[in-house]
Amino acid sequence: MRQLSTALCVVAFGLGSGLPAAPIAAQDADRQVAQGKAIYARRCATCHGAGGEGKMGPSLIGAKHHLSGYGTADVLFDYTRQVMPADRPGRMLEVEYWAVLAYILHENGLLPPGTTLQDATAPQIALDR
Ligand code: HEC
C-alpha cells in the first residue's frame, strides 16, 4: 500500500499542471527545485554549463547571469518556454519549464523560500535585485 501511494503521488505530480490550484506546501517547493535540477542536467547543461556558468549559451547561474533584464519570473518563463531548449524549442511540458526555472532561480538566491514557481507566484518574483 505504501508503494502504491508513492506511485500515485509521482503520477499526480507529473500531471500537476492540470489539477486545480491548491495551497502550496514548502515540501512541494523543494520537490520542484529537485525536479528542475534533473531537467537542467538533461536538457540545458550541454549549452549552459553543468553549473549554469555558461558555455555556448549564456550563463544562467552565478554572478555573470543576465536574468535581471527580464524583470520578473513570468517574463523569463514566457521567453524560455518559447525558445528553449534551443535545440528543441517549446518541446517540454509546462510543469518542466516551471521546475527548471525554479531550480535556476533557487541557485541564484532569487526564489523566496518555500515558494513554488507557477502562474500565480511568478509575477511577484523580482529578478532585478
Ligand atoms: C542547444 C543549446 C541550448 C540548449 C540545449 C539550451 N539553451 Fe538556453 N540558450 C542557448 C543560447 C545560444 C542562448 C542565447 C540566445 C540568444 O541570445 O538569442 C540561450 C539563452 C537562454 C536564456 C536567456 C539568457 C539571457 O541571458 O537572456 C535562458 C533563460 C535559457 N537559455 C534557458 C535555457 C533552459 C532553461 C534550457 C533547458 C531547458 C536551455 N536554455 C537549453 C542555447 C541553449
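The values are calculated or read from the model by the stated rules, or taken from the named source; none is laboratory data. Since the model is a prediction, treat every value here as computed from it, not as a measurement. With ideal geometry, Cβ positions are generated from the backbone for all residues, glycine too; neighbour counts draw on all protein chains shown.
Scanning the range 92-104 turns up no residue that is more than 13 Å from residue 32 (Cβ to Cβ) and either modelled with pLDDT under 95 or more than 12 Å from the chain's Cα centre (by Cα) (or both).
Of all residues in the range 81-120, those satisfying the criterion of being of a type in the set (Val, Ile, Thr) and either farther than 16 Å from residue 31 by Cα or part of a helix (DSSP H, G or I) (or both) are 83, 95, 100, 104. Restricting the range 59-78 to residues that are more than 9 Å from the ligand (Cβ to nearest atom), at negative phi and part of a loop (DSSP other than H, G, I, E, B), the residue that is surrounded by the most Cβ atoms within 10 Å (Cβ to Cβ) is 61. Here residue 125 fits the description: under 18 Å from residue 29 (Cβ atoms) and away from the ligand (no atom under 11 Å from the Cβ). Filter the range 94-114 down to the residues that are within 11 Å of the ligand (Cβ to nearest atom) and aliphatic (A, V, I, L, M), then identify the one that is surrounded by the most Cβ atoms within 10 Å (Cβ to Cβ). Across the range 94-114, the extreme among qualifying residues is 102.
So which pairs qualify, if the first residue must be in the range 48-71 and over 18 Å from residue 85 (Cα atoms), the second must be more than 9 Å from the ligand (Cβ to nearest atom) and not acidic (Asp, Glu), the Cβ gap must be under 6 Å, and the two must be at least 6 apart or on different chains? Close Cβ pairs satisfying both conditions: 68/127.
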